[in-house]
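This report refers to the structure that appears directly beneath it.
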Amino acid sequence: MSERRSPATIVANAGIAADPGRGSLTPPLWASDTYRWDDTETKPDYDYSRTVNPNRDMLAAALAELEGAAGGVVTNSGQAANLLALLILPTGSLVVAPHDCYGGTYRLIKGMEAQGTLRAIFVDQTDDAAYAAAIAEKPALVWIETPSNPLLRVVDIADRAAKAKAVGALVCADNTLLTPLRQRPLELGCDLVMHSTTKALNGHGDLFGGALLARDPTLAEKLQWWTNAAGLAASAMDSWQLLRGMRTLPLRVDRQETSAKRIAEWLSDHAGVREFYYPDIGFMVSFRIGGDTDAFLKALGLITLASSLGGFSTLICKPSTMTHRGMPPEAQAEAGIHGDLLRLSVGLEEPDDLIADLERGFAAA
Ligand SMILES: *Cc1c(COP(=O)(O)O)cnc(C)c1O
């Protein structure tokens, strides 16, 4: 790649003054499903929107530049991007994934395993011996998610990717929690980087989307082929709206991270906190209250009980019954997801107001 542009410039400049029809500053919405051919032989650049769409292309180009990828695809959800990463594997492939991965990722891999489409090993990727044993089985794909969700455990991507590459595995990192502003997995040796753009990248809580980006152009082409074949691509409208949401990504992440740091410091020596998880980066904080979560959550007036993360509005959730309910109790116990664990996604409200709200929760619990 040539000279690297800063993320703020990438998102402010994406698709600007690129309208070939009327010269509009911001990108128009190309909602059309299909495009006119001049003659039967000359295929236009844009022919059918499941395959190619200008709004999707602008968004994919911006995401690829943010991640340092050769290219990739934008999908209609984060789960569609996960599915795509699994679809490109030969049938019966072995997948190694974190034992505390996102609940939807766990459910998808388990479902495909039950169907006989693939085999899976879930492992604590912070445990050197356990990870080495899993890699010795020669997986086709190693899935990395760091910081993990909901316990925000951090793994060394460069080390884990190098060990996976040594046995010929494809390595994919779910970078939803840190965004490309804080972590660039392709530079650390991964082949693929995945996002749920539903979260911080859009940041406004009003659409579903995903992305899967590849370091290698041939792999990027394969992703495009399968996305078209399986119909996984994001709509023009969602792509247009997501690019709009991303304009302010650097501002939002800076502010959310500063607030999360303050809240984490306050929680770290709060008498009501039994255990506390914060990776010193990003906008997520998880904690165990050692008390009645229902009373805690009912007492909140500002923070909403909802599963999602990364947006402007601060959300709290109880992973054991919400985001990770697809994970059986034994698997939850093994991953350390206890019934009194709460996960906070810090938004753009005044941090003092968020702290006051949490204090109401502790008082009630
Ligand atoms: C939300 C999420 C997903 C799934 O994305 P959807 O957009 O909800 O389909 C995958 N991984 C992580 C870490 C997530 O937070």
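Scanning the stretch 167-198 for residues that are open to solvent by 20 Å² or more (accessible area, probe 1.4 Å) and closer than 22 Å to Trp240 by Cα yields one hit, Leu181. Candidates in the stretch 163-192 are the residues that are in contact with a strand residue (DSSP E or B) (Cβ under 7 Å, 6 or more places away or on another chain) and within 12 Å of the ligand (Cβ to nearest atom); of these, the one that is farthest from Leu151 (Cα to Cα) is Cys172.
Comparison of Pro150, Pro139 shows that the only residue that is at pLDDT below 95, of a type outside the set (A, V, I, L, M) and either open to solvent by less than 10 Å² (accessible area, probe 1.4 Å) or assigned to a helix (DSSP H, G or I) (or both) is Pro150.
Residues checked against (1) without any contact (Cβ under 8 Å) to a residue 60 or more places away in the chain; (2) closer than 20 Å to Asn175 by Cα; (3) open to solvent by 20 Å² or more (accessible area, probe 1.4 Å):
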position	(1), (2), (3)
Ile16	yes, no, yes
Arg22	yes, no, yes
Trp30	no, no, yes
Arg36	yes, no, yes
Glu41	yes, no, yes
Tyr48	yes, no, yes
Glu67	no, yes, no
Ile88	no, yes, no
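Within the stretch 286-331, being closer than 20 Å to Pro98 by Cα, within 15 Å of the ligand (Cβ to nearest atom), open to solvent by less than 30 Å² (accessible area, probe 1.4 Å) and of a type outside the set (A, V, I, L, M) holds for Ser286, Pro319, Thr323, His324.
Restricting the stretch 82-111 to residues that are in a loop (DSSP other than H, G, I, E, B) and in contact with a helix residue (DSSP H, G or I) (Cβ under 7 Å, 6 or more places away or on another chain), the residue that is modelled with the highest pLDDT is Ile88.
Leu25: in contact with a helix residue (DSSP H, G or I) (Cβ under 6 Å, 6 or more places away or on another chain) and either more than 16 Å from the ligand (Cβ to nearest atom) or part of a strand (DSSP E or B) (or both), yes or no?
Taking the combined requirement at face value, the residue does not satisfy it.
Taken over the stretch 194-219, the criterion of being in a strand (DSSP E or B) and either without any contact (Cβ under 8 Å) to a residue 60 or more places away in the chain or more than 16 Å from the ligand (Cβ to nearest atom) (or both) is satisfied by Ala214 alone. None of Lys222, Lys261 is open to solvent by 50 Å² or more (accessible area, probe 1.4 Å), farther than 18 Å from Ala64 by Cα and not in a loop (DSSP other than H, G, I, E, B) except Lys261.
The values are calculated or read from the model by the stated rules, or taken from the named source; none is laboratory data. These figures come from a predicted structure and were not determined experimentally. Cβ: placed from backbone, ideal geometry, glycine included. Neighbour counts: every protein chain shown. Calculation scope for accessible area: heavy atoms of the full protein, side chains included, ligands and nucleic acids excluded. Shrake-Rupley method; radii C 1.70, N 1.55, O 1.52, S 1.80 Å.
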